[in-house]
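Have a look at the structure below before the remarks.
The values are calculated or read from the model by the stated rules, or taken from the named source; none is laboratory data. Fair warning: this is a prediction, and the values are worked out from it, not measured in the lab. Don't worry about glycine lacking a Cβ; one is built from the backbone with ideal geometry, like all the others, and counts go over all protein chains shown.
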Amino acid sequence: MIPAPFDYKRASSAAEAISLIGEYGDESKFLAGGHSLLPLMKLRLAQPSMLIDIGRIQDLSYIRDAGDHIAIGALTRHMDVEKSPVLAEHAPLLAHAAGHVGDPQVRHRGTIGGSIAHADSASDLPATTLALGATYVAQGPNGTREIAAADFYKGFLESALAPDEMLTEIRVPKMNGASWGFQKFNRRAQDWAIVGVAAWKRGTESGVALVNMGSVPVLATSVATAIAGGASIADAAQLAAAEAEPQSDLNASAEYRVHLAQVLVRRALESNNA
């Protein structure tokens, strides 16, 4: 459980961090909260030769009303997302989901950008921002680009970020009074979800995404299409796993995960939160 040897540099700004990642390339990794990277390093599943510490960069920690969306700096802590009055008003689903990440210690150190960039399908916030139709902003030596959440997740722990890019901002559309629900089924408190669901609904519009139902966070487009076509929530929820590829493991069989997804999607869409 000892990491391979590595060098360490601390960046004082986003510009310096991007310069460093450009210098050291795919042999380097960003370190923010460290809750995902350090366990992988201890197991030697990740062996970066250079760690670039971005945890103390202040200019990427913010939550701002940006008109039709809320802009969230990538280094904003989970606890700040959970407690934000701006998100409570305009994107309460995201604030609520952030309160279910890990435990208070994790929420005080972990960052929303770190969770999304890690691209773990078992994490809560990638699926939640996917359901909300978020856009991610990446910055690298060649400039800035916007990546739709639906195009970001490429495979297990694999994202659309280039090796020399850093996720700098998450842009979440305002929910404008939509009802919403977040459901998470796990064996013990603070465990990874066996299945999780983030969902919102406004009239015939909706967004549903699934946690731990495949190698990437899953956007349940069949559910949204059914609701748009006039289907009841109960009938639409039966399509929850149409885009999913659940796997069996020690916690649950694939069949059980499909059943959980159907039940939790129905409960999430029937929630009266607004």
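Looking at LEU38 and the list (1) modelled with pLDDT under 85; (2) farther than 23 Å from GLY102 by Cα, which single condition is not satisfied?
(2)
What are the pairs with Cβ atoms under 7 angstrom where one residue, in region 83-97, is exposed (fewer than 15 other Cβ atoms within 10 Å of the Cβ) and the other, located anywhere, is assigned to a helix (DSSP H, G or I)? Sequence gap at least six, or different chains.
Close Cβ pairs satisfying both conditions: ALA88/ALA95.
For region 22-73, name all the residues that are in contact with a Phe, Trp or Tyr (Cβ under 7 Å, 6 or more places away or on another chain) and polar (S, T, N, Q).
Passing the criteria: only SER49.
Right, ALA198: of a type in the set (Gly, Ala, Ser) and either out of contact with any Phe, Trp or Tyr (no Cβ under 8 Å at 6 or more places or on another chain) or surrounded by fewer than 24 Cβ atoms within 10 Å (Cβ to Cβ) (or both) or not? Explain how you work it out, then say what you get.
Numbers: of a type in the set (Gly, Ala, Ser): yes; either out of contact with any Phe, Trp or Tyr (no Cβ under 8 Å at 6 or more places or on another chain) or surrounded by fewer than 24 Cβ atoms within 10 Å (Cβ to Cβ) (or both): no.
It is false that ALA198 is of a type in the set (Gly, Ala, Ser) and either out of contact with any Phe, Trp or Tyr (no Cβ under 8 Å at 6 or more places or on another chain) or surrounded by fewer than 24 Cβ atoms within 10 Å (Cβ to Cβ) (or both).
Kindly indicate whether any position in region 159-176 is within 12 Å of the chain's Cα centre (by Cα), surrounded by 24 or more Cβ atoms within 10 Å (Cβ to Cβ) and over 22 Å from ALA71 (Cα atoms).
no
Quick check: is even one residue across region 206-218 surrounded by fewer than 18 Cβ atoms within 10 Å (Cβ to Cβ), in contact with a Gly (Cβ under 9 Å, 6 or more places away or on another chain), more than 23 Å from ILE72 (Cβ to Cβ) and modelled with pLDDT under 95?
no
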